[in-house]
Amino acid sequence: MDFLRPAGWQEALAAKAAHPDAVPLAGGTDLMVELNFDRRRPERLLDLGRIRELYEWETSPDGVRLGASVPFRDLVGPLRARLPGLARAAHTVGSPQIRNRGSVGGNLGTASPAGDAHPALLAAGARVEAASLRGTRMIRVEDFFTGPKRNALAPDELIRAVHVDAARGPQEFAKVGTRNAMVIAVCAFALALHPHARTIRTGIGSAAPTPLRAREAEDFLTGVLDEGGHWEHGRPVPPAAARRFAELAAAACAPLDDVRGSAAYRRHAIKVLARRTLHWTWTAHTSRTGREGEASCA
């Protein structure tokens, strides 16, 4: 196995162009498991650990640009206020040691259906900055996942950064696991309110071949909130509407039976998580805007 260790970003892109089969190594929290259990044996590894710019993040009034190697630790800490949904997801990732090493960019590159960051990124409307010697392009996160552990990167491309808009409304993330910590999600759900656009976005993990949005559920709830004047008056979401939203979220799933849970259980769990996160986010929204009433949809 060849070990490539570029000192800078352009050198990394040149190495990837010359060796498209080289597997990027950032935090290594996923890749090293596969290597240790002999599930994967690539001919070349491309170590990105010396490229300092990948560990940097930048904020602006509109959002945050996360270098591909920014660790989950920073999301739980200094970026929590700007990216609350992603921060909640990051807090569930492994142990403190893994959060010190693992990164959003690495999580995306692995493209696991159970990646904890993915539902929150979908709900927030993130974009992936992909680069090669040919140039740079932006990929919407919903277009990034092409199959189980497959992504939209070209063979000569690397993830340079992830762009996430600053939260302008409440965001939540919840997951079900076989225990409370250090566990792969049986299923996960994220919900973000976007009051400025009068829309909501969702993200579902570990309940389909790829992470995905529950678009029909989003459209339904957006219509309910608009038609009922909920954004203006802070009225609670009708319980029947909350139930229907949860049903549509569960219907968006395409889960499998495996050792962590059955397909039927995953659908039921997503339904429960959808109702809970809707209750939490709408209650937070009405509290933030100072309007009376709580979202009685739990």
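The values are calculated or read from the model by the stated rules, or taken from the named source; none is laboratory data. Remember, it's a predicted structure, so these values are computed and weren't measured experimentally. Because the Cβ atoms are built from the backbone with ideal geometry, glycine has one as well, and the counts that use them run over all protein chains shown. All accessible areas refer to the heavy atoms of the entire protein, side chains included, with ligands and DNA or RNA removed. Shrake-Rupley method; radii C 1.70, N 1.55, O 1.52, S 1.80 Å.
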Scan region 1-31 for residues that are among the aliphatic types (A, V, I, L, M), loosely packed, with under 14 Cβ neighbours inside 10 Å and modelled with pLDDT of 90 or more and report the count.
-> 2
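Does residue 263 meet the test of being surrounded by fewer than 20 Cβ atoms within 10 Å (Cβ to Cβ), of a type in the set (Gly, Ala, Ser), touching a Pro at 6+ places or on another chain (Cβ under 7 Å) and in contact (Cβ under 8 Å) with a residue 12 or more places away in the chain? I'd like the intermediate steps shown before the answer.
Working: surrounded by fewer than 20 Cβ atoms within 10 Å (Cβ to Cβ): yes; of a type in the set (Gly, Ala, Ser): yes; touching a Pro at 6+ places or on another chain (Cβ under 7 Å): yes; in contact (Cβ under 8 Å) with a residue 12 or more places away in the chain: no.
So residue 263 does not fit the description; no.
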Which one of these does residue 157 not meet: (1) among the charged types (D, E, K, R); (2) free of Cβ contacts under 8 Å to residues at least 24 places away in the same chain; (3) under 21 Å from residue 51 (Cα atoms)?
-> (2)
If a residue has to be touching a residue at least 12 places away in the same chain (Cβ under 8 Å), of a type outside the set (Asp, Glu) and open to solvent by 70 Å² or more (accessible area, probe 1.4 Å) to count, how many in region 41-54 make the cut?
-> 2
In this structure, is residue 260 under 17 Å from residue 113 (Cα atoms), out of contact with any Asp or Glu (no Cβ under 7 Å at 6 or more places or on another chain), at pLDDT below 95 and charged (D, E, K, R)?
-> yes
Log entry, pairs with first residue in region 224-235 being under 11 Å from residue 285 (Cα atoms), second being of a type in the set (D, E, K, R) and surrounded by fewer than 16 Cβ atoms within 10 Å (Cβ to Cβ), beta carbons closer than 6 Å, six or more apart or on different chains, reads 231/198; 234/291
Could you please let me know if residue 209 is over 18 Å from residue 125 (Cα atoms), assigned to a loop (DSSP other than H, G, I, E, B), at pLDDT 95 or above and open to solvent by 30 Å² or more (accessible area, probe 1.4 Å)?
-> yes
For region 177-203, what are the residues that are farther than 28 Å from residue 232 by Cα and either aromatic (Phe, Trp, Tyr) or open to solvent by less than 20 Å² (accessible area, probe 1.4 Å) (or both)?
-> 185, 186, 187, 188
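Could you please give the count of residues in region 119-156 that are under 26 Å from residue 169 (Cα atoms) and of a type outside the set (Val, Ile, Thr)?
Filtering region 119-156 down to residues under 26 Å from residue 169 (Cα atoms) leaves 119-129, 138-145.
Now drop any that are not of a type outside the set (Val, Ile, Thr), which leaves 119-127, 129, 138, 140, 142-145.
Residues meeting the conditions: 16.
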Looking at (1) among the β-branched types (Val, Ile, Thr); (2) more than 23 Å from residue 108 (Cα to Cα); (3) out of contact with any helix residue (DSSP H, G or I) (no Cβ under 6 Å at 6 or more places or on another chain); (4) assigned to a loop (DSSP other than H, G, I, E, B), find the lone condition where residue 237 falls short.
-> (3)
Considering residues that are under 17 Å from residue 107 (Cβ atoms) and polar (S, T, N, Q), the number found within region 25-55 is 1
State whether the residues of region 30-48 include one that is touching a Gly at 6+ places or on another chain (Cβ under 7 Å) and either assigned by TED's automatic domain parsing to the domain that holds residue 190 or among the polar types (S, T, N, Q) (or both).
-> no
